[in-house]
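Below is one structure; the comments refer to it alone.
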Amino acid sequence: MSKDLHTPSMDRLCDAFLSMKTREEMYHFLEDLCTVKEIASMAQRYEVATLLQAGETYQKIAAQTGASTATISRVNRAFNYGDDGYHLALTRTDDKS
């Protein structure tokens, strides 16, 4: 994670995310914290990462998710060269969907 994101405010936000105990609690928190568009964008990016992990093509991912190729490329860059957050989350949620 970028060092400029490591702030006391970001620590509190991370702690707030980690304090949610159920999916329903997380829905409530996200709806209070973000706009519907922001939530939908995050869900779309995570779906793109899921499909990239499965080896799908940009064309199929775009058709299935409605994501632009720019969004897919951005997610792919983070997926391959980021801090492994997508990999960690996908590994931990593979059997929970």
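Here are some notes:
- Region 68-81 - residue that is in contact (Cβ under 8 Å) with a residue 12 or more places away in the chain and of a type in the set (Ser, Thr, Tyr) and, of those, surrounded by the most Cβ atoms within 10 Å (Cβ to Cβ): THR71
- Residue ID - farthest from the chain's Cα centre (by Cα), chosen from residues in region 38-67 that are surrounded by 12 or more Cβ atoms within 10 Å (Cβ to Cβ) and among the polar types (S, T, N, Q): GLN64
Throughout, read-outs are computed from the coordinates displayed, never taken from laboratory work. Being a predicted model, the structure only gives us computed values, none of them experimental. Cβ sites come from the backbone with ideal geometry, for glycine too, and all protein chains shown count toward neighbours.
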